[in-house]
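Just below is one structure, and these are the notes that go with it.
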Amino acid sequence: APNFELSMNYLDYDSIWYTLNNSDPYIVNSLTGTIDQILWESLNNATIEIIFFMNDSLGNINIQSVEVYKNYKYPIIDIITPIPSYVCGTLAPNYIISIYSLGDINHIWYSLNEGPNFTVSSLMGILNQSLWADCGNGTVSLKFYANNSLGNIGSTEVIIQRDVYYPFIEIIKPLLNYEYGIKAPKYEVYISGNSTNLTWYTLNDGIKNFITEPFRVYKPNLLGYY
């Protein structure tokens, strides 16, 4: 519940009370204080009119009102990238998030695998490289947090993968030091790796010849011709 502070130039008053959206009156005995929490919680998210009343011993009543907006909802965070199960290497990945909040956002931060919090000032950027390096190999929990001007904290999480191992390649054919003629030899290679993206070969450090369909890198064996 919000605090209140009143000022007046008339000290000979008898009593002070207030209402929230025409509620039952709540009597206060000070010019400063906090709105009653139970009364505040009874109201939904909406514009709330707080009316203060003051009377004197002669029965004269003065009224002052103010409208405030109650927002008890947490900030809503959407992690746009990285997407769930995204596989990253040793370099920390980029992030893009969006945040919806009825109150102004005060702070944004994230943690990796429930580790130290890292504060950021932008909705996009690169994860801290040092924190990323501490995650080891495997599953990484990336959790973003944000709090708003009303003290509410929202959070959301995405699970990604950190793969620090290089793909393993074994050349089965052509055989080492085998002699070939004018006809280009067949090749057969074995590749293992959780996040292999592209596969290519070179001849005498020449141009890259990329292997495309039907030789997908996630198959255990690749067969083809130079």
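Tabulated results
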{"quantity": "Residue count for the range 50-61, restricted to those that are part of a strand (DSSP E or B) and either free of Cβ contacts under 8 Å to residues at least 12 places away in the same chain or exposed (fewer than 13 other Cβ atoms within 10 Å of the Cβ) (or both)", "calculated": "1"}
{"quantity": "Sole exception among (1) at pLDDT 90 or above; (2) surrounded by 12 or more Cβ atoms within 10 Å (Cβ to Cβ); (3) part of a strand (DSSP E or B) for CYS135, by number", "calculated": "(3)"}
{"quantity": "Meets criteria (surrounded by fewer than 16 Cβ atoms within 10 Å (Cβ to Cβ), out of contact with any Leu (no Cβ under 9 Å at 6 or more places or on another chain) and not assigned by TED's automatic domain parsing to the domain that holds GLY138) for THR34", "calculated": "yes"}
{"quantity": "Residues that are under 18 Å from SER149 (Cβ atoms) and surrounded by 13 or more Cβ atoms within 10 Å (Cβ to Cβ), drawn from the range 101-119", "calculated": "SER101, LEU102, GLY103, ILE105, ASN106, HIS107, ILE108, TRP109"}
{"quantity": "Residue match in the range 63-75 (condition: surrounded by 11 or more Cβ atoms within 10 Å (Cβ to Cβ), in contact with a Gly (Cβ under 6 Å, 6 or more places away or on another chain) and modelled with pLDDT of 85 or more)", "calculated": "yes"}
{"quantity": "Residue within the range 18-35 that is small (Gly, Ala, Ser), more than 23 Å from GLY151 (Cα to Cα) and outside any strand (DSSP E or B) present", "calculated": "yes"}
{"quantity": "SER149 vs. criteria at pLDDT below 95, within 28 Å of LYS70 (Cβ to Cβ) and loosely packed, with under 13 Cβ neighbours inside 10 Å", "calculated": "yes"}
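The values are calculated or read from the model by the stated rules, or taken from the named source; none is laboratory data. Since this is a predicted model, take the numbers as computed values, not measurements. Cβ: placed from backbone, ideal geometry, glycine included. Neighbour counts: every protein chain shown.
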